[in-house]
Amino acid sequence: MKNEIKDGVMVIYLEGNLLGEHSNAPVMELVKQVVESGSKKLLFNLIDMKFINSTGLGMLLTAVSKTRNAGGEVALCSLSDQMKKLLVMTKLGGAFVVKDNEAEALEFLKGV
C-alpha cells in the first residue's frame, strides 16, 4: 500500500490481494488518521489491485461508512473488470462512488 495527498485528498493505492485482517489493518489505521485529521476525503486507487474477497470488500465498506459518518467522502477509481463485476454481483455498486480514473475521482472529491 502506498499513499499520498493530492489536492487535499488522501489517495491510497491498494495493490496485490486484499484478503484479510493482515492487509486491512494498515488501511483502516490510515483511514482513521485521515478522518481524525479533519481532511475527510479519501480516494482508493485500485489500478494495481489483483484480487479482493469479501473481507477486503467489507474493509472498503467500513472505510466508506467511517468517513461518511464523519462528514467526509470516499471514491474508488481504476477498478478492474473483475472488481466491477463483484460490485454488480454483490449489489454494492451503489454504496461506492466509482470513477474511471484518478483525475476524474480527484475532480469529484474536490467538489464535495
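Within a Cβ distance under 13 Å of residue 100, other residues only, what is the Lys/Arg minus Asp/Glu net charge? Once positives and negatives cancel, what remains is -2. A simple count of charges around residue 7, restricted to other residues whose Cβ falls under 10 Å of its Cβ and scoring Lys, Arg +1 and Asp, Glu -1, yields +2.
Taking the DSSP beta bridges with both ends in the chain, the antiparallel portion is around 25 percent. Note that the chain carries a Kirkwood radius of 13.7 Å, evaluated over its alpha carbons pair by pair. Protection proxy ranking for 26-39, 80-93, 49-62, using the average of other Cβ atoms within 10 Å per residue and placing the highest first: 49-62, 26-39, 80-93.
Since every read-out is calculated from the coordinates, none of them should be taken as a lab result. Note that the structure is a prediction, hence the values are computed from the model and not measured. As a convention, Cβ positions derive from the backbone with ideal geometry for all residues, glycine included, and neighbour counts pool all protein chains shown.
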